[in-house]
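One structure is given below, encoded as structure tokens.
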Amino acid sequence: MQILRPDNLKEEPLILGIESSCDETAAAVIRGRRLLSDEIASSANIQALYGGVVPEIASRAHTDAVDLVVDRALKTAGVKKEQLDAVAVTYGAGLLGALLVGLSFAKGLAYGLHIPFIGVNHIRGHLSAAYLEDETLRPPFMTLLASGGHTAVIYTKSFSEFEVLGGTLDDAAGEAFDKVARVLGLPYPGGPHIEALAREGKPVVHMPKMLKGEGGYNFSYSGLKTAVINYCHTMEQRGEAWSKADVAASFQSAALDILVQKTVEGALEKGVTTVTAGGGVVANGYLREKLTEACMAHGLKLVLPVKKHCTDNAAMIAAEGLIRYEAGDFSPLSLNAAASIPLR
Ligand SMILES: Nc1ncnc2c1ncn2[C@@H]1O[C@H](COP(=O)(O)OP(=O)(O)OP(=O)(O)O)[C@@H](O)[C@H]1O
Ligand SMILES: [Mg+2]
């Protein structure tokens with residue numbers, strides 16, 4: 001199958017990014033690293049009724065929304081589709097039916113316009129969100145990835161080379177927030193609700209250690225989740241008064257402090273001077289504050305994506321599309337959706 005290539009690579013290409021891997025249909029336009037538009041339609045309010053994402057509902061919602069969201073992104077950017085230099089789209093990881101909606105739309109658009117098509121790894125998108133925050137940001141840097149499906153400390157060596165220093169051995173950080181929220185009777189997605197509740201409590205409930213192995217970079221969230229369940233059940237069985245807000249605050253600090261500590265340790269170990277972060281959990285205000293403090297204390301520069309670019313969005317897909325465009329790394333139109341893919 002053909003790979004569409006431009007005659008010349010442009011200095012500041014106009015790139016449309018499309019994201020449809022889960023329950024967000026998103027489209028964004030960038031010119032170089034400048035964000036011109038950033039549109040999103042979410043089926044999260046419908047999914048919340050079911051306590052999680054129902055794949056069939058997500059796919060149908062994407063089908064309803066994708067052309068409208070893309071049109072809105074082009075209009076807000078003040079750009080005609082004929083002016084675009086490339087189309088970047090998430091091809092994995094994610095829900096297959098959901099991915100196929102954005103992927104097929106992007107392929108059709110690129111084919112019709114005869115411009116490069118770039119299939120983006122969603123996680124690489126989360127890592128690239130930081131590039132939009134700082135035009136001067138260049139690897140090497142240390143990245144904290146904390147999302148709904150991934151948690152890792154990653155040494156970003158170059159625009160395309162990564163070394164995963166360590167990650168979760170079981171649940172991801174976001175997944176743990178969602179599961180603990182359910183135990184505390186909070187709505188889906190749980191992260192923002194736990195954060196809000198934690199502000200009213202104190203971290204006084206004992207939580208188990210998150211680290212697996214001595215001094216490594218591997219985390220384990222399942223013990224933390226079980227500790228919360230056991231604590232809540234025990235208190236209820238004893239009929240003792242307990243504070244949900246204290247549990248939320250205790251869980252939040254146990255879940256996030258170690259990520260901050262290990263990210264900074266990683267940066268110091270590898271001798272890099274810059275730290276970045278990405279993924280939905282990085283929208284958490286407590287985590288942002290702690291990471292900022294820790295980086296300042298160690299003289300590290302921190303580049304954090306704005307909160308909107310931490311959770312799923314198309315701006316980060318366009319940003320990763322730009323990195324790929326600059327490398328002349330385009331995808332064949334035969335590229336298929338993939339439920340799971342490695343970082344590289
Ligand atoms: N303020 C917050 N505090 C903690 N967690 C949060 C916050 N906001 C969002 N999250 C969590 O982030 C996750 C969503 O992040 P994201 O959209 O990046 O995940 P995903 O796309 O489902 O997974 P992945 O990117 O790993 O494939 C959810 O688990 C949600 O609870
Ligand atoms: Mg994501």
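The values are calculated or read from the model by the stated rules, or taken from the named source; none is laboratory data. This is a predicted model, so every value here is computed, not measured. Counting neighbours? That spans all protein chains shown, and the Cβs are built from the backbone with ideal geometry, glycine included.
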Top-ranked residue in region 116-169 [being more than 16 Å from ligand 2 (Cβ to nearest atom) and among the basic types (Lys, Arg); ranked as surrounded by the fewest Cβ atoms within 10 Å (Cβ to Cβ)]
138
Subset tally (residues that are touching a residue at least 24 places away in the same chain (Cβ under 8 Å) and part of a helix (DSSP H, G or I)) for region 86-130:
24
Within region 21-72, tally of residues that are within 13 Å of ligand 1 (Cβ to nearest atom), surrounded by fewer than 19 Cβ atoms within 10 Å (Cβ to Cβ) and not in a helix (DSSP H, G or I):
3
Would you check which residues across region 170-204 are among the acidic types (Asp, Glu) and assigned to a helix (DSSP H, G or I) and list them?
175, 178, 195
In region 301-320, which residues are part of a helix (DSSP H, G or I) and under 12 Å from the mean Cα position of the chain (by Cα)?
307, 308, 309, 315, 316, 317
Any idea how many residues of region 321-337 are within 16 Å of ligand 1 (Cβ to nearest atom) and either assigned to a helix (DSSP H, G or I) or assigned by TED's automatic domain parsing to the domain that holds residue 34 (or both)?
0
Output for region 141-157, where each listed residue is outside any strand (DSSP E or B) and within 22 Å of residue 92 (Cβ to Cβ):
147, 148, 149, 150
